[in-house]
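Visitor: I'd like to ask you about the structure that follows.
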Amino acid sequence: MKNRLLFSFYLLLFVALAASFLYLDKNMGEVTPVDSQVLSAIKKARIKKIHILRDNREKLVLEKKAGRWMLVSPKLARANPLRIDSILDLADTTNYARVATDDIPLVSYGLDPALLELQLDEHVFYFGNTDPIDERRYLLFNDNIHLVDDGLFHQLRQKAEFFVDTKLVPKDEEIQKI
């Protein structure tokens, strides 16, 4: 009698473990990541002003006026929408790593002083060196050092003419006289 009771107990334990294993294995694919890996929660459509500060070069200021982006400093001209879109894409770019700046020497990341400063309305991004292993850029934003793709940094270092629209006449305007 004792052996039968012990056998039944072990059998019940085995069935319970097998059922829980199958249940957990089936539900493993539904786990959602805690961190979405997006750099910021900034809404690109709401941004109205862009400042680009670079060492030894003029400050660039771009503003959205009447639904159109304009380069307002150092020259006044229509801005190239593709260049503006690539700048605004920084707000929701992929963040590959994040480290709090507590007790970390910013100099070793090229962030003290920063190589370049980008301001989207009141949000400021400081660009530093590239990571030697995967060639991604260190970026200081909201008291955290982030590791992001490096494509934008080199565009932001260009002359003001790089940001000017290349079309002589926008699509929504007509030529009145020549």
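The values are calculated or read from the model by the stated rules, or taken from the named source; none is laboratory data. Since the model is a prediction, treat every value here as computed from it, not as a measurement. Quick reminder, even Gly has a Cβ in these numbers, built from the backbone with ideal geometry, and neighbours come from all protein chains shown. The accessibility values were calculated without ligands, DNA or RNA, using every heavy atom of the protein model including side chains. Shrake-Rupley method; radii C 1.70, N 1.55, O 1.52, S 1.80 Å.
Visitor: Sort out which residues of region 70-87 are within 22 Å of residue 40 (Cα to Cα) and surrounded by 17 or more Cβ atoms within 10 Å (Cβ to Cβ), and write them in order of number.
Guide: 83, 84, 87
Visitor: Taking region 111-122 only, how many residues are in a loop (DSSP other than H, G, I, E, B) and of a type outside the set (A, V, I, L, M)?
Guide: Of the residues in that region, 4 qualify.
Visitor: From the list 112, 121, which one is at positive phi and surrounded by 12 or more Cβ atoms within 10 Å (Cβ to Cβ)?
Guide: Being at positive phi and surrounded by 12 or more Cβ atoms within 10 Å (Cβ to Cβ) holds for just one of 112, 121, which is 121.
Visitor: Something else now. Would you be able to tell me the number of residues in region 123-153 that are of a type in the set (D, E, K, R) and either closer than 23 Å to residue 56 by Cα or in a strand (DSSP E or B) (or both)?
Guide: Adding up the residues that qualify gives 2.
Visitor: Return the pair list, or none, for Cβ contacts closer than 6 Å from residues in region 42-61 that are more than 19 Å from residue 93 (Cβ to Cβ) to residues that are surrounded by 17 or more Cβ atoms within 10 Å (Cβ to Cβ) and acidic (Asp, Glu), at least 6 apart or on different chains.
Guide: Close Cβ pairs satisfying both conditions: 53/117.
Visitor: Let me ask another. If you go through region 79-86 one residue at a time, do you hit one that is part of a helix (DSSP H, G or I) and of a type in the set (S, T, N, Q)?
Guide: So in region 79-86, the residues part of a helix (DSSP H, G or I) come out as 81-86.
Imposing the further condition that a residue be of a type in the set (S, T, N, Q) reduces the set to 86.
Yes: one or more hits.
Visitor: Tally up the residues in region 128-151 that are without any contact (Cβ under 8 Å) to a residue 40 or more places away in the chain and either open to solvent by 60 Å² or more (accessible area, probe 1.4 Å) or over 12 Å from the mean Cα position of the chain (by Cα) (or both), please.
Guide: So the answer is 8.
Visitor: Does any residue of region 51-63 turn out to be modelled with pLDDT under 85, exposed (fewer than 10 other Cβ atoms within 10 Å of the Cβ) and either in contact with a Pro (Cβ under 9 Å, 6 or more places away or on another chain) or more than 17 Å from residue 121 (Cβ to Cβ) (or both)?
Guide: So far as region 51-63 goes, yes, one or more of its residues are modelled with pLDDT under 85, exposed (fewer than 10 other Cβ atoms within 10 Å of the Cβ) and either in contact with a Pro (Cβ under 9 Å, 6 or more places away or on another chain) or more than 17 Å from residue 121 (Cβ to Cβ) (or both).
Visitor: How many residues are over 12 Å from the mean Cα position of the chain (by Cα), open to solvent by 80 Å² or more (accessible area, probe 1.4 Å) and within 15 Å of residue 137 (Cα to Cα) if we restrict to region 90-107?
Guide: Number satisfying all stated conditions: 1.
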